[in-house]
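**Student:** Got a structure for you, written out below as structure tokens; questions coming shortly.
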Amino acid sequence: MPLLDVENVSRRFGGLVALDKVAFSVSAGQIKSIIGPNGAGKTTLLNVVSGLLSADTGRIQFRDSRIDGLKSHQIAQGGMSRTFQNPSLFLQMSVLENVMVGRHPRTRCGFAACCLRLPGQIREERRIRESALEHLRFVGLEGMAGAPAGALGFGERRMVELARALATEPSLLLLDEPASGLNNRETADLGELIRRIRERGITTLLVEHDMSLVMDISDDILVLHNGTPLAEGAPAVIQNNEEVIRVYLGTGLEDAAASQKS
Amino acid sequence: MLLKRLFPVIGFAALAIAVQLGAGALGKEFYLTQLTMAIYYAIVVMGLCLLMGFAGQVSLGHGAFFAIGGYTSAVLTTSDFSRFQDSLWAAALKRIHVLIPKADLYGGQVLTTTPWAAFVAAMLLTFLIACLIGYPALRLKGHYLAMATLGFCLIVNKIVLGTAWLGAADGISGVPEWNLAGGLVISGRSAVRVQNYYAACALALFLLILLANLVHSRVGRALQAIHDRETAAGAIGINTARYKLNAFVLSALLAAAAGVFLTHYTAGIGPSEASALKSVRYVALAAAGGMSNPWGAALVSTAINFLSLRGWFGTYDNAVFGAVLILIISIAPQGPLKPLGLWIRRLLSGARSAAGGEHAAS
Ligand SMILES: Nc1ncnc2c1ncn2[C@@H]1O[C@H](COP(=O)(O)OP(=O)(O)OP(=O)(O)O)[C@@H](O)[C@H]1O
Ligand SMILES: [Mg+2]
């Protein structure tokens, strides 16, 4: 039984068919990537899976239960968390507070406990802070804990967003182009980080344009084109699929291969 | 950390005492009456801070919630239920002291609701109505709540104006004192003026502490996250609709509670309390104090409402609130206290770094 199973999912925006009968699955422990040209429907697919958009048809199964039709917060509470193509930090908060918000689904104090500062609340607050610091350390940003989120650079924002997503203790992590806007060095670090996330037992579904990163870390790749799956398989298979090369990879793959050698 | 949290509490308590002593020394103790009223109005504004400053939602109906609290209390404590004397429910309510027999002005006996029971009824009614309005409006993203509450406020205003047993244009008068507990009576009699002033201060301070506790807590962060980026908040697992609804209902309850207290204090309530203009004034005051800063909002709104109640603004009363709103939004959208605080901090750190620079040079 796969961790995530997407069957026959379609979604249209007015006359535009953004997703057309998409089916794929992600097994526990995998790093699975979704690639495809701009406008292929990758982000839409993540939005549908994470409950931000509803699917017009199809069914989505996550950890043995159906999640299509659930609200995004219910899916998140069930163990799926994500980052966004444009990092979406809470800019009025500090870096640490951003990650502390990530502890929300794993903690419980409500209005009364928080207003009255009950002893249990004070203890929970301390645990939230410690856990958030740990996740910041994991992405290498514990030094920025007190900084306002708005003061961070683009790459750092991506990392804080990743820490926030990890703080929810997901079993499935969805990443939407985490390497875009990162330099080569940061991208290499990110690849390393995603591997370490897998070592923690977290499954990753990655949408990414950086082919050297994708080919390097993926176990399995789904190619999306005009909202439909074009090919699916291991990196070596995808790299040699003629149709994939024609519509998407083109010369980009040779560049990626070249940059890997240098 | 603890000191930082205690500082505003001590500051506010000291200010409250200084004002009372000052008014006494100047022989202007009657100022305390309007001040007490202004503090009750400030509680409505604090509730709006919770809703607007934390959760990022606007209500244009808080005047109506204030009125629902006040009118419920006024109706229940002034109506005579003695014609139901023999019914089972009246007997049961009498046994648990919800209804009590009382001598009326003309020496007869009436059966009225105790203020405490009326207070509970007002809170329950407000809770119900706030849920009914908030639930559909807050499931959506955007400013639907502002529209829904504005419509609601207009309806409530028309109802109180047009209903005979709510006193129509005259409102309800003759609301009895509220014997809170331990000899503390909510009443406008001058003999208990100072006592009532401190009671209002204590209530406001207590609520401010609760709100301040909320800021750095799981719930406070969740509300702020919704305010900042609702989509991202949902994707992290925050039930955005429920948190917004909770914040709205809580702030409506605060408004209604203020209405109950003020109605007992002034011994009556009128239909103007439910006007849309009143609701807009509360929003203006919350903005004027800095929505995400309940301390500032409480201070600014108490001051402005006090001046308004003293008649300082004359016939331009409502215009002053409009002007305050425009000024604040164009000059200091986060409220006047925050930029002031930043400015003082910059001055201080400037002085410090200048001193440090000299030191390094020598
Ligand atoms: N909310 C929306 N309303 C209308 N059209 C949309 C919406 N979201 C996406 N689309 C359209 O759906 C198609 C798929 O968009 P999507 O963002 O999923 O592509 P993508 O594969 O993520 O592309 P990119 O690589 O540029 O991020 C595009 O044609 C896009 O314009
Ligand atoms: Mg995209």
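**Student:** Take B:LEU15 and B:LEU277, extend 7 Å from each Cα along the Cα→Cβ direction, and tell me the distance between the two endpoints in nm.
**Tutor:** For the pair B:LEU15/B:LEU277, the computed spacing is 2.8 nm.
**Student:** What whole-number distance in Å separates the alpha-carbon centres of segment A:211-252 and segment B:300-333?
**Tutor:** Segment A:211-252 and segment B:300-333 have Cα centres spaced 64 Å from each other.
**Student:** Size of the dipole of chain B about the Cα centre, Lys and Arg at +1 and Asp and Glu at -1 on the beta carbon, nothing else charged, in debye to 20?
**Tutor:** I would put it at about 860 debye.
**Student:** Which length gain, in nm to one decimal place, applies between A:PHE154 and A:ARG200 when the Cα-Cα distance is subtracted from 0.36 nm times their residue separation?
**Tutor:** 14.0 nm
**Student:** As a test of the formula, what do you get for the protein assembly as shown when each DSSP H run with n ≥ 4 contributes -39,500 (n - 2.57) and the sum is divided by the residue count, at 222 nm and rounded to the nearest 500 deg cm²/dmol? Please list the in-between numbers first.
**Tutor:** Values: 24 runs with 347 residues, N = 624.
That calculation yields -18000 deg cm²/dmol at 222 nm.
**Student:** If you wrap a convex hull around the alpha carbons of the protein assembly as shown, what volume per residue comes out, as a whole number of Å³?
**Tutor:** Values: hull volume 137.7 nm³, N = 624.
Spelled out: Cα convex hull of the protein assembly as shown, divided by residues, is 221 Å³.
**Student:** Pairs of alpha-carbon atoms within less than 8 angstrom and 6+ residues apart define the contacts here; what relative contact order does chain B have, in percent? Don't skip to the end; give the middle numbers.
**Tutor:** Values: 543 pairs, mean separation 111.4, N = 362.
Relative CO of chain B lands at 31 percent.
**Student:** Where a ≥ b ≥ c are the square roots of the eigenvalues of the C-alpha gyration tensor, would you call segment B:54-275 rounded, which needs a/c under 1.5, or, failing that, prolate if a/b is larger than b/c, or oblate? All intermediate terms of the calculation are to be shown ahead of the outcome.
**Tutor:** Values: a/c = 2.16, a/b = 1.77, b/c = 1.22.
Taking the square roots of the gyration eigenvalues as a ≥ b ≥ c, segment B:54-275 is prolate.
**Student:** Please report the antiparallel percentage of DSSP beta bridges with both residues in chain A, rounded to the nearest 5.
**Tutor:** 55
**Student:** Using the heavy atoms of the protein chains alone and a 1.4 angstrom probe, what is the accessible area of segment B:54-275 per residue in square angstrom?
**Tutor:** The answer is 42 Å² per residue.
**Student:** Span-like helices, chain A: DSSP H, alpha-carbon axial extent 15 Å or more, mean Kyte-Doolittle -0.5 or greater, which ones?
**Tutor:** Those that clear 15 Å and a mean of -0.5 are A:154-167.
**Student:** Answer with one residue from A:SER27, A:CYS114, A:SER10: the one whose Cα lies farthest towards the positive end of the charge dipole of chain A, charges on Cβ with Lys, Arg +1 and Asp, Glu -1.
**Tutor:** Looking along the dipole axis, the top candidate is A:CYS114.
**Student:** Report the Cα centroid-to-centroid distance between segment B:86-159 and segment B:38-57 in angstrom, as an integer.
**Tutor:** A separation of 21 Å, based on Cα centres.
**Student:** Follow-up. Can you give the accessible area per residue of segment A:1-148, in Å², using a 1.4 Å probe?
**Tutor:** Ligands and nucleic acids excluded, the figure is 44 Å² per residue.
**Student:** When the dipole is taken about the Cα centre of chain A, and only Lys, Arg (+1) and Asp, Glu (-1) are charged at their Cβ, what size is it in debye, to the nearest 20? The partial results should precede the final answer.
**Tutor:** Numbers: 29 positive and 31 negative charges, 221 e Å.
My answer is approximately 1060 debye.
**Student:** Ignoring ligands, DNA and RNA, please state the percent of accessible area on the protein assembly as shown from carbon and sulfur, probe 1.4 Å.
**Tutor:** Numbers: 17100 of 28240 Å².
Solvent-exposed carbon and sulfur of the protein assembly as shown make up 61 percent of the total.
**Student:** Which residues' amide hydrogens lie under 5 Å from the amide hydrogen of A:ALA55, considering only partners 5 or more residues apart or on another chain, with H built in the peptide plane?
**Tutor:** Excluding prolines and chain starts, which carry no amide H, the hits are A:GLY69.
**Student:** Quote the total accessible area buried by chains A and B together, excluding ligands, DNA and RNA, probe 1.4 Å, nearest 100 Å². Can you show the working numbers first?
**Tutor:** Numbers: alone 12670 and 18360 Å², together 28240 Å².
Summed over both sides, the interface buries about 2800 Å².
**Student:** Straight distance only, please: which lysines reach the Cα of B:LYS278 with their own Cα at less than 16 Å, same-chain residues fewer than 8 apart left out?
**Tutor:** B:LYS158
**Student:** How about B:LYS102: which lysines have a C-alpha closer than 26 Å to its C-alpha, ignoring those fewer than 8 places off in the same chain?
**Tutor:** Candidates past the 8-residue exclusion: B:LYS94.
**Student:** Strictly over 20 Å apart at the Cα level, which of A:LYS42/B:LYS141; A:LYS21/A:LYS42; A:LYS71/B:LYS244; B:LYS141/B:LYS244; A:LYS71/B:LYS141 would you flag in this model?
**Tutor:** Too far apart for the 20 Å limit: A:LYS42/B:LYS141.
**Student:** Another question, if that's okay. What value in Å³ per residue do you get for the convex hull of the alpha-carbon atoms in segment A:90-169?
**Tutor:** 83
**Student:** Taking R0 as 41 Å, what FRET efficiency do you get between B:HIS143 and A:ASN38 from their Cβ-Cβ distance, rounded to the nearest 0.05?
**Tutor:** So, using R0 = 41 Å, E works out to roughly 0.80.
**Student:** If you find the alpha carbon centre of segment A:1-74 and of segment A:110-180, how far apart are they in angstrom?
**Tutor:** 26
**Student:** By accessible area of protein heavy atoms, probe 1.4 Å, what ranking do B:TYR198, B:TYR40, B:TYR135, A:TYR248 get, highest first?
**Tutor:** B:TYR135, B:TYR198, A:TYR248, B:TYR40
The values are calculated or read from the model by the stated rules, or taken from the named source; none is laboratory data. In this text the structure is predicted, and so the values were computed from the model without any measurement. Note that each Cβ is placed from the backbone with ideal geometry, even for glycine, and that neighbours are counted across all protein chains shown. Ligands, DNA and RNA are excluded from the accessible area calculation, which covers all protein heavy atoms including side chains. Shrake-Rupley method; radii C 1.70, N 1.55, O 1.52, S 1.80 Å.
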